[in-house]
Amino acid sequence: MTLLALPVRFLASGSESSSTDFVDFHTPLWEWAALLGFITVLLMVDLLIVHRKAHVASTKEAAIESAVWISIGLAFGLFFFAMHGAAAAGEYYAGFLIEKSLSVDNVFVWALIFSYFVVPRQYQHRVLFWGIFGALIMRAIFIFLGVALIEKFDWVLYVFGAFLLYTAGKLIFSNNDHVDPGNSRFLKLVHRFVPMTDELDGQKLFTRRTGVRLATPLFAVLLLVEATDVLFAVDSVPAVLAVSHEQFIVFASNAFAILGLRALYFLLADMHARFSYLQEGLAIILAFVGVKMLIHEWYHIPTWLSLTVIALVLAASIGFSLKANQGEADTIHIPEEAPEGTPEETP
């Protein structure tokens, strides 16, 4: 990750700090409007220009798009540095790196869902576009509720910290490869109340059969993607709140981290077997931020130290994974382009 290029001395100085050692500033309405407007423009360009037509993204295309999204996220940290000081930029980069690293696990769960429902690769981007759109809304709700709880009840930090330690333990002793999307209670509930067809109609979420409007399998997949993101947000939002309590910083870091997940999915989803130590690395990161929350009253771990630890753990887990699994085959297969005129059926 290139975000370590930000000098440590910048992270330790600058913006006004609150009594809890986190930056605290007033965010004018125009900054919120500018952030939301910028995100909207990025989404519209992606939907209406870059991915206007359904197609299978090559590895090169996914790598370029992923690099562009990461660059945009990193560049936005300069906005915080210019407007609110270096400490605010440091918290943004720490939150961005935490959210980005924890989201990698989400990418592999998406791969399992698409593989189970045999969704052709050229239709997956549209599902993920609306999935990311919904994720932004859900993250905003989680973030504002989380910050409000922390401001009103300081003991909530201990609850979040303990929950992150529990989640870290679950990551060590569980495996996402055993997730069965077909056994989702949420999905069964959707099938009970939403009339659905078993046939795809291009990348449409709804279609008409004999005059009746029905949801396509892509709609069910979208809802399942949203449901899994809610579960991941329960872990990641408290983790980001461990490095910043400023709503504008937390939301911006979450938004720019998850905006590039679609490109990251097409780049990494087929490489699940090569990241055998990633889950352990994410567990260590969650445990670290959990401990950071639990000891906040006695010792505040500096932002630059949090950023360094998280980056080193993530880099080490990826490095050990690639070294240990050189030449091994991947375990998750992304469905390729569907033959023209042949509808895919869900199991």
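Could you look through segment 129-157, keep only residues that are assigned to a helix (DSSP H, G or I) and of a type in the set (D, E, K, R), and pick out the one that is farthest from the chain's Cα centre (by Cα)?
LYS152
Residues that are at pLDDT below 80 and part of a loop (DSSP other than H, G, I, E, B): does segment 159-173 have at least one?
No, the conditions are met nowhere in segment 159-173.
Restricting attention to segment 55-88, which residues are under 18 Å from PHE266 (Cα atoms) and surrounded by fewer than 18 Cβ atoms within 10 Å (Cβ to Cβ)?
If the condition is that a residue be under 18 Å from PHE266 (Cα atoms) and surrounded by fewer than 18 Cβ atoms within 10 Å (Cβ to Cβ), then HIS55, VAL56, SER58, THR59, LYS60, GLU61, ALA63, ILE64, ALA67, VAL68, SER71 are the ones that fit.
Filter segment 199-253 for residues that are in a loop (DSSP other than H, G, I, E, B) and among the hydrophobic types (A, V, I, L, M, F, W, C) and give the result.
Hits for segment 199-253 are LEU200, LEU205, ALA242, VAL243.
Of these, ILE132, ILE98, ILE113, ILE150, which one is among the β-branched types (Val, Ile, Thr) and open to solvent by 10 Å² or more (accessible area, probe 1.4 Å)?
From the options ILE132, ILE98, ILE113, ILE150, the qualifying one is ILE150.
Just for segment 260-278: of the residues that are open to solvent by 20 Å² or more (accessible area, probe 1.4 Å) and of a type in the set (Phe, Trp, Tyr), which one is modelled with the highest pLDDT?
Ranking the qualifying residues of segment 260-278, first place goes to TYR277.
Quick test for you: out of ALA252, ALA227, ALA257, ALA233, pick the one residue that is open to solvent by less than 10 Å² (accessible area, probe 1.4 Å), modelled with pLDDT under 85 and in contact with a helix residue (DSSP H, G or I) (Cβ under 9 Å, 6 or more places away or on another chain).
Result: ALA233 is the single residue among ALA252, ALA227, ALA257, ALA233 that is open to solvent by less than 10 Å² (accessible area, probe 1.4 Å), modelled with pLDDT under 85 and in contact with a helix residue (DSSP H, G or I) (Cβ under 9 Å, 6 or more places away or on another chain).
Answer yes if at least one residue in segment 103-124 is within 22 Å of VAL41 (Cα to Cα) and of a type in the set (Val, Ile, Thr), and no otherwise.
No - not one qualifying residue is present in segment 103-124.
Can you tell me which of ALA75, ALA63 is under 21 Å from the mean Cα position of the chain (by Cα), of a type in the set (A, V, I, L, M) and more than 21 Å from PHE251 (Cα to Cα)? Spell out the reasoning first.
Numbers: ALA75 fails: more than 21 Å from PHE251 (Cα to Cα).
Every option except ALA63 fails the conditions.
When the residues of segment 116-128 are filtered to those that are in a helix (DSSP H, G or I) and open to solvent by less than 10 Å² (accessible area, probe 1.4 Å), which remaining residue is nearest to ALA252 (Cα to Cα)?
LEU128
Any idea which of (1) under 24 Å from ILE150 (Cα atoms); (2) surrounded by 14 or more Cβ atoms within 10 Å (Cβ to Cβ); (3) at pLDDT below 90 is the one GLU16 doesn't satisfy?
Here GLU16 clears every test but (2).
How many residues does segment 21-54 hold that are at pLDDT below 90 and either open to solvent by 60 Å² or more (accessible area, probe 1.4 Å) or touching a Pro at 6+ places or on another chain (Cβ under 9 Å) (or both)?
Residues in segment 21-54 being at pLDDT below 90 and either open to solvent by 60 Å² or more (accessible area, probe 1.4 Å) or touching a Pro at 6+ places or on another chain (Cβ under 9 Å) (or both): 11 in total.
The values are calculated or read from the model by the stated rules, or taken from the named source; none is laboratory data. Everything quoted here is computed from the prediction, not taken from an experiment. Here the Cβ is made from the backbone with ideal geometry for all residues, glycine too, and neighbour counts use every protein chain on show. Ligands, DNA and RNA are stripped out before the accessible areas are found, and what is left, the full protein with its side chains, is counted by its heavy atoms. Shrake-Rupley method; radii C 1.70, N 1.55, O 1.52, S 1.80 Å.
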